[in-house]
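S.K.: First the structure, which I've put down as structure tokens, then a few questions once you've had a look.
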Amino acid sequence: MSPNTNFPPCQRPENAVTERLLEHPRVTYDVDGDALVIALKDELLVRTDARVGSPALDEGLAGIACLRGPSRGQAAVASPAGVEVWRLTDPEADSIDHARRLRALAPEVCVTTLDGRPLDVPAVSPNHILVVSPKYDTCPASPPNPLPPPHGGDFIPEDDCELSVSVVVIDTGYIETSPPHAALDARVTLVAGVWLDTSVDPPVWRPTAADVADADEDGRLDPIAGHGTFIAGLIAHGCPEARITAVGQRHACMPIGDTSDPVDRAMLFTSEYDVANALLMNADADVVSCGFSFPVLDGYPSIPFTSVMSVLSGPDAPRPGVAVVSPAGNEDSGRPYWPAAHPDVIGVAATNRRGNARAHFSNWGPWADCCARGEDVTSTFLYWVGPLDGEPPSQIDDFVGWARWDGTSFAAPKVSAAIARVVADSGGGLLPIDAFAQLISGAAGVEVTPLTDVSLSGPAGVTLPHLHLG
């Protein structure tokens with residue numbers, strides 16, 4: 001089955017970066033119901049145990065692709081265990097077509113999660129592309145809006161409180177501004193993410209580019225520039241004791257050189273294998289706030305995230321009880337989005353600004369674990385005078401280090417910060433995953449009420465715990 005290029009009118013990409021992304025020679029996609037599934041055209045992800053147990057799958061792969069991962073000899077990078085990356089040898093081949101064909105050669109692998117639920121994981125999948133809280137026309141759920149500095153100036157305390165709990169943010173990175181957000185800068189360490197370059201043999205892990213305001217140099221603010229800075233501010237605001245590591249994952253699935261098309265430099269996307277690897281590399285934190293949300297081909301579980309969460313929930317976890325938090329996504333869909341849909345990941349949907357209903361953009365379903373306000377969220381941002389991407393040059397916005405933004409990306413870090421705060425208040429004696437259990441039970445001093453949405457879930461609706469976190 002070839003990728004479906006016949007978008008229903010409501011699903012047709014309208015954003016220039018999205019259209020350019022789908023036209024890139026390394027990108028393939030399929031429209032599956034209300035989901036736009038995007039993947040690297042030339043890479044397949046394969047579970048090692050499925051391949052070893054199926055001579056037919058092993059033979060089928062050998063005829064069309066070369067094994068390119070996991071990479072060896074780089075001690076700083078711990079690739080997801082039991083997950084292989086295969087690169088297709090035919091430049092005209094398509095990973096979606098081959099994944100569907102090869103799945104017939106090996107059975108699914110049943111994986112049991114921490115709470116005992118079985119997941120039927122496919123033997124093969126394409127290596128899905130991740131955009132930060134992807135949406136067809138805008139990213140995240142709306143453009144940021146300028147705000148003056150908050151009244152009182154105490155959004156993040158300036159005092160020297162002990163940074164006693166560690167939070168990792170896997171997102172676009174972090175931009176230090178001028179003038180600085182001094183209290184936030186003192187809490188944040190920026191770490192470059194890495195991406196696996198399979199175009200060479202042996203493959204090489206390469207660093208990703210830093211987050212910048214205008215990567216394509218068109219004089220307009222990129223759609224999600226400062227996304228990680230905004231999220232870091234929310235975490236420091238909700239938990240002043242948080243020591244934040246910002247891992248930048250952007251420009252991660254293509255080489256970026258001096259001759260690259262400027263539009264390619266603005267494609268803020270990565271692959272699921274690379275982000276799962278970043279999660280594994282940084283899982284010694286108390287809380288990991290992962291800013292990505294994506295649909296998987298044919299509704300299967302994600303191969304690399306399932307592998308990594310098995311490690312993080314097992315006896316050899318770098319940090320026992322680590323809380324992994326992820327947004328539910330902004331597609332107004334009930335379809336499970338990953339990694340939020342994994343039973344061992346805390347998936348966070350968004351409410352409207354009044355907190356009395358699902359935000360109109362938010363995904364929602366029984367696969368999510370809770371919700372928090374994701375509309376009209378205020379946090380730290382960049383200094384920028386000029387138009388935003390997609391706006392006419394005459395429409396000038398004046399950002400003075402603060403913004404208001406909408407998205408499940410901004411509901412999730414509120415929950416991450418609340419978990420970190422409960423851990424800090426316990427003196428580190430409480431496991432982060434147990435801190436979340438306290439939160440949703442109402443035992444941690446945060447108001448919790450049930451919130452039911454019927455618009456995506458039928459007459460019975462789906463009810464989630466609503467954490468009133470401001």
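The values are calculated or read from the model by the stated rules, or taken from the named source; none is laboratory data. Fair warning: this is a prediction, and the values are worked out from it, not measured in the lab. In this analysis, Cβ positions are derived from the backbone assuming ideal geometry, glycine residues included, and neighbour counts consider all displayed protein chains. The accessibility values were calculated without ligands, DNA or RNA, using every heavy atom of the protein model including side chains. Shrake-Rupley method; radii C 1.70, N 1.55, O 1.52, S 1.80 Å.
S.K.: Between rounded, prolate and oblate, where does the stretch 324-407 land on the alpha carbon gyration tensor, with a ≥ b ≥ c its root eigenvalues, rounded for a/c under 1.5, else prolate if a/b exceeds b/c?
M.R.: It comes out prolate by the Cα gyration axes.
S.K.: Please report the accessible area of Val400 (heavy atoms, 1.4 Å probe, ligands and nucleic acids excluded) in Å², nearest 10.
M.R.: The accessible area of Val400 comes to roughly 50 Å².
S.K.: A follow-up question, please. I'd like the orientation of helix 227-238 relative to the chain: the angle between its Cα long axis and the longest Cα principal axis, in ° from 0 to 90, rounded to 10.
M.R.: 50
S.K.: Using θ = phi - 60° and the Karplus form 6.51 cos²θ - 1.76 cosθ + 1.60, what ³J(HN,Hα) does each residue of the stretch 297-309 get, whole Hz, x for Gly and Pro?
M.R.: Taking θ as phi minus 60°, the curve returns 3, 6, x, 6, x, 6, 5, x, 5, 5, 5, 5, 5 Hz for the stretch 297-309.
S.K.: Rounded, prolate or oblate for the stretch 322-470? Axes are the square roots of the Cα gyration tensor eigenvalues, ordered a ≥ b ≥ c, and the cut-off for rounded is a/c under 1.5.
M.R.: oblate
S.K.: Normalising by the residue count of the stretch 108-226, find the relative contact order in percent from Cα pairs under 8 Å and 6+ residues apart.
M.R.: Relative contact order here is 18 percent.
S.K.: In addition: Could you tell me how many degrees, from 0 to 90 and to the nearest 10, lie between the Cα long axis of helix 408-425 and the main elongation axis, the longest principal axis, of the Cα atoms of the chain?
M.R.: The angle comes out near 70 degrees.
S.K.: Alpha carbon centre of the stretch 293-321 versus the stretch 141-187: separation in Å?
M.R.: 29
S.K.: Additional query: Taking a probe of 1.4 angstrom, what is the accessible area of Glu158 in Å², to the nearest 10?
M.R.: For Glu158, the solvent-accessible surface is approximately 130 Å².
S.K.: Please state the shape class of the stretch 269-387: rounded when a/c is under 1.5, otherwise prolate if a/b exceeds b/c and oblate if not, all from the C-alpha gyration tensor.
M.R.: prolate
S.K.: Treating only the Cβ atoms of Lys and Arg (+1) and Asp and Glu (-1) as charged, compute the dipole magnitude of the chain about its Cα centre; round to the nearest 20 debye.
M.R.: Using Cβ point charges on Lys, Arg, Asp and Glu, the chain gives about 820 debye.
S.K.: Let me ask something else. So how far, in whole Å, is the C-alpha centre of the stretch 380-436 from the one of the stretch 38-65?
M.R.: Here the two parts' Cα centres lie 39 Å apart.
S.K.: Now, a different point. Please list, in chain and number order, the residues 5+ apart from Leu451 or on another chain whose amide H is under 5 Å from its amide H, with Hs placed from the backbone.
M.R.: For Leu451, whose amide H was placed from the backbone, the distant partners under 5 Å are Leu464, His466.
S.K.: Please list 375-383, 45-53 highest first by mean number of surrounding beta-carbon atoms within 10 Å per residue.
M.R.: Answer by packing, highest mean first, reads 375-383, 45-53.
S.K.: How large is the helix-only mean residue ellipticity at 222 nm for the chain, computed as the sum of -39500 (n - 2.57) over DSSP H runs with n ≥ 4, divided by its residue count, in deg cm²/dmol to the nearest 500?
M.R.: Rounded to the nearest 500, it is -6000 deg cm²/dmol.
S.K.: Here's a follow-up. Express the relative contact order of the stretch 349-470 as a whole percentage, based on alpha carbon pairs under 8 Å and six or more residues apart in sequence.
M.R.: For the stretch 349-470, the relative contact order is 26 percent.
S.K.: Could you work out the pair-distance distribution P(r) of the chain from its alpha-carbon pairs, with 20 angstrom bin width and percents rounded to whole numbers?
M.R.: For the chain, the pair-distance distribution reads 26, 60, 14, 0.
S.K.: Follow-up. Largest first, how would Asp216, Asp316 line up by accessible area (1.4 Å probe)?
M.R.: Asp316, Asp216
S.K.: Could you rank Thr306, Thr245 by how accessible they are, 1.4 Å probe, largest area first?
M.R.: Output order, biggest surface exposure first: Thr245, Thr306.
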